[in-house]
Amino acid sequence: MTVIDHDAGPRTSARHGTVGTSPPRPDGDAKAQGSFAFSSDLSADGCLWGATLRSPYPSARIVSIDLSVAFKIAGVESVITADDVPGEAYYGLISRDQPVFASDVVRYVGEPIAAVAADHPETCRRALAAIVVEYEELEPLLDPEQAIDGSHHDIHPDGNVIRHQRIACGDIERTGSVVVEGTYEIGMQDQAFLGLEAALAIPDPDGKGVELHVATQWLHEDRGQLAACLALPEESVRLVLGGVGGAFGAREDISLQVHTCLLALRLGRPVRFAYSRTESFLGHVHRHPATIWMRHHADADGQIVKIESRMVFDGGAYASTSAAVLINAVTHAQGPYRCANAVVDGYAVRTNSVPCGAMRGFGVVQACFAHESQMDKLADACGLNAVEIRLRNAMRTGDRLITGQPVLNVAPVERCIRDTAALPLPTEPIGGNLTANGGVDPMKLPGGAGRTADRGDIVRGIGWGVAIKNLMYSEGFDDYATARCQLADGVATLKFATAEVGQGFVTIAAQIARTILGIDDVRLDQIDTQIGSAGSTSASRQTWMSGGAVDLACRTVREAMFVDVGRAHDIDPLRLVIDGTDIVDESSGWRMSVAEANAGLAYDETVEYRHPPTVELDESGQGDCHTAFAFVAHRAVVDIDPELGLVKVVQVATAQDVGRALNPLSVIGQIEGGIAQGLGLAVMEEIIQVDGAIRNGNFTDYLLPTFLDMPEVIATLIEEPDPRAPLGAKGVGEPPCVSSTPAIVAAIRDALRSVDGVGKPLARVPVRPADICL
Amino acid sequence: MNSDSEVFSLHINGVVREVTDSWLGESLLDVLRDRLGLLGVKGACEQGECGSCSVMVGDSLLCSCLVMAASAVGEPIVTIEGLTPEETLSDVQAVFVEAGAIQCGFCTPGLITAVHDLLDRIAIPTDSEIREELAGNVCRCTGYGRIIDAVQQVAVRRADSSDGAL
């Protein structure tokens, strides 16, 4: 049974459905009934199916493409290639370097070359098989170091280095009396959302516009890229959020959007695409595999005096968000610890691997595995334990990052560590409680239902991970969110383009409106591009950004209502406040329900919320490039079978800096879900590529944590409202998956060390059985 | 494909549905979704690994992506639509919504089908039993904690109400 512990605070008296309570999701009933329409459930009269032809080679020149046979198959309506893209031939999130269809060369296994539209998915498959592409294979660039040292020719006109960023901070010649170093590797992780990529495009009758229903994280960014490729004005490309079955970063880039719209516009008929799981592995970006060398210098008492690091992130064939992922990694190299001196060198490079980009944690996951592994080495070298070394270096509000940026947010690192340490350790003995009849419960053993582990061989370990994670967008990006609030006759209607991907923004948006306006009836308009951008559902930013926009829109409406009510009742509007569902003049005691006061009145306000501007890093990696930060600590307990290399995570305890829990149940859901993904990266999840081709692009071979893999999670929410956050609330989505991974790996190391007093370095995630037992 | 098609009937959610345009060997998942419009059944892996497409066929909880539709002729099939009472929610559905067991919701229909099956067979499952029984249903959002809590809540409510009935 999971224990949830958080400051009860004043919310105990909060009206149900307002901020601080946990009302159910507005889409919950439909999702439970199976009637919620995911993008893969959408169709239209006369709808055709689309499908994509993809490259079998990591690097090859396209000599010729012969579509003639495919066109002759009964039921095939269209076959398109790069020649059929009317506008921009390239798209991309930061730089438009990725072709809609490869035309001259292919740069990764899975790159789109052509698309077909036909009457049935099976017809599409036959059409794809009938397209004849002649290739001339080229030597692929698969080693990121070759991209850096220049020993391989450029595989893209933009070059093989997507971004190089150096950070030099303080006295870079400084040394410490204690020095520890290591080289760490992070494997390629898949977001593995369950709701596969799918979209439905409906062309306008005049052929001059299109409506696309799609599962995405950022409708307006998609629209901008789409309109350019389609050679249409943006207002002629209307996007509607199709039900999103999870995202985790994988829906930030364009996948099937352009192909779907191109075919629909060409044919004048609705077209739908739906990827299979195997195609999904090829069709979206993944978490960057990375190699990180780090050296920590410290005083004898464990105070960090300098860190050095070299980071190499393999971005795959196209840039996507690699440049931003790299910046997150290098600027988080120190972790949540004070450090005055640093030299960091980071590279995001291009190879002929499948492209990498956003995934929950966005560069910080990789950096954190390295710095937390280093902290344990430092603790050993200084004769301290894992908690002491971290407390001794814990960052506080006002401390500076190695970029020179002061951390102005609430920074309760010490409290995260202490509150996590105070959570109870598992009561179950090593190997789990025996069953009622005194037998071993195999489900409690490493290896579980495999029933290979012997309870007597199991050893237990405890490990720690602590993290800092930036929130919102960085480096000068004009980051804003738009929201509209209408209030009429006691009913509020909210509209925003914020992608609801499962995280629950739709729930808290209504909570915010109920709190600010004092009404209970809040309705949500369709999520689409008929309002300004909300920015992306990523970077743990929507509670802060779209939450801030909804808050501001509701406050603007409330102030207008106060003016009208004040005039009607001869009260200075400045004296009016909302108390529950009433408007109150606190000095006279006059009160009236909002619904009554609002009768016959109507308000309609659309606002944009912006966070303070940030700047780009300079050549030395200095500058206030980030917006805000959140912190978290994790303590993992694992049981392992050292001979078989099997791991059972027994418990993860965590204290997370959430600012203010607007919906505590949703926060717990984010924490538990994030820890599950961190666990996956720690012990089981990795996309395996051989010669540039994914070998395990399916759920039989790509392992995801199941009910049996997830341990109990004990969570404490640290609620110190952040004065810089519009609602005091920090984003909570990413921190859980940042330091849970190193905590679990540290626990495995701890268990192994108890066996022979030495242990193993386990410098690579995911940790594989052979890493433990061989 | 027409030359390979066959007409057969399936007993779904208490109703006999004729399948006229299916091709031989088509999966139950595809027939339920694409031929019969039962879109509550979700497909996410097509390998029987994730459980999103779980339905009851006779007494068995099965991944409909692994079952040929034609092989289910004569067996009563129950999907999430059949578990949903008219204009309301089953006890499992209601508690899933209240307990925070749903985020993106893609795994939810298959999972709720599996939980109904589990609680029909084991009235008060242990934590270990819940985990083992539901291990065939993957959820990528929740980390399972709130789902386990929901299952336990339903079990307690059912036990309480049957106590009350006695």
Q. Which one is nearest to the other protein chains (Cβ to nearest Cβ) among residues in region B:135-151 that are surrounded by 23 or more Cβ atoms within 10 Å (Cβ to Cβ) and touching a residue at least 60 places away in the same chain (Cβ under 8 Å)?
A. B:138
Q. Hey, among A:88, A:77, which residue is modelled with pLDDT of 95 or more, surrounded by 15 or more Cβ atoms within 10 Å (Cβ to Cβ) and in a strand (DSSP E or B)?
A. A:77
Q: With respect to residue A:577, determine if the residue is within 26 Å of residue A:485 (Cα to Cα), β-branched (Val, Ile, Thr) and surrounded by 18 or more Cβ atoms within 10 Å (Cβ to Cβ).
A: no
Q) residue A:274 passes all but one of (1) surrounded by 24 or more Cβ atoms within 10 Å (Cβ to Cβ); (2) within 12 Å of chain B (Cβ to nearest Cβ); which number fails? A) (1)
Q: Any chance you could count how many residues in region A:296-340 are in a strand (DSSP E or B) and over 27 Å from residue A:160 (Cα atoms)?
A: 8
Q. Based on what the data block shows, is residue A:12 at the interface with another protein chain (Cβ under 9 Å from one of its Cβ atoms) and either modelled with pLDDT under 95 or more than 30 Å from residue A:216 (Cβ to Cβ) (or both)?
A. no
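For every residue, the table says whether it meets (1) out of contact with any strand residue (DSSP E or B) (no Cβ under 9 Å at 6 or more places or on another chain); (2) closer than 30 Å to residue A:544 by Cα; (3) assigned to a loop (DSSP other than H, G, I, E, B); (4) not acidic (Asp, Glu).
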position	(1), (2), (3), (4)
A:368	no, yes, no, yes
A:376	no, no, no, no
A:416	no, yes, no, yes
A:436	yes, no, yes, yes
A:439	yes, no, yes, yes
A:474	yes, yes, yes, yes
Q) Any chance region A:252-268 includes a residue that's β-branched (Val, Ile, Thr), under 26 Å from the mean Cα position of the chain (by Cα), modelled with pLDDT of 95 or more and over 28 Å from residue A:78 (Cβ atoms)? A) no
(Q) Being without any contact (Cβ under 8 Å) to a residue 24 or more places away in the chain and either surrounded by fewer than 22 Cβ atoms within 10 Å (Cβ to Cβ) or touching an Asp or Glu at 6+ places or on another chain (Cβ under 9 Å) (or both) is the requirement here; does residue A:745 meet it? (A) no
Q: Could you please let me know if residue B:27 is polar (S, T, N, Q), within 14 Å of chain A (Cβ to nearest Cβ), touching a residue at least 24 places away in the same chain (Cβ under 8 Å) and buried (at least 24 other Cβ atoms within 10 Å of the Cβ)?
A: no
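Here is a yes/no grid of residues against (1) aliphatic (A, V, I, L, M); (2) at the interface with another protein chain (Cβ under 9 Å from one of its Cβ atoms); (3) touching a residue at least 12 places away in the same chain (Cβ under 8 Å); (4) in a loop (DSSP other than H, G, I, E, B):
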position: B:40; (1), (2), (3), (4): no, yes, yes, yes
position: B:56; (1), (2), (3), (4): yes, no, yes, no
position: B:65; (1), (2), (3), (4): no, no, yes, no
position: B:114; (1), (2), (3), (4): yes, no, yes, no
position: B:118; (1), (2), (3), (4): yes, no, yes, no
position: B:124; (1), (2), (3), (4): yes, no, yes, yes
**Q.** Which listed residue is modelled with pLDDT of 95 or more, over 21 Å from the mean Cα position of the chain (by Cα), part of a loop (DSSP other than H, G, I, E, B) and surrounded by 23 or more Cβ atoms within 10 Å (Cβ to Cβ), from A:701, A:722
**A.** A:722
Q: Hey, can you tell me all the residues within region B:79-101 that are within 16 Å of the chain's Cα centre (by Cα), facing chain A (nearest Cβ under 7 Å) and crowded, with 24+ Cβ neighbours inside 10 Å?
A: B:80, B:93, B:96
Q: Take the residues in region A:688-701 that are farther than 10 Å from residue B:49 by Cα and in contact (Cβ under 8 Å) with a residue 24 or more places away in the chain, then tell me which one is nearest to the other protein chains (Cβ to nearest Cβ).
A: A:697
Q) Out of all the residues in region A:59-70, is one or more of a type outside the set (A, V, I, L, M) and touching a Ser or Thr at 6+ places or on another chain (Cβ under 9 Å)? A) no
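The values are calculated or read from the model by the stated rules, or taken from the named source; none is laboratory data. Quantities reported herein were computed from a predicted structural model and do not represent experimental measurements. A quick note on method: Cβ atoms are made from the backbone with ideal geometry, for glycine too, and the neighbour counts reach across all protein chains shown.
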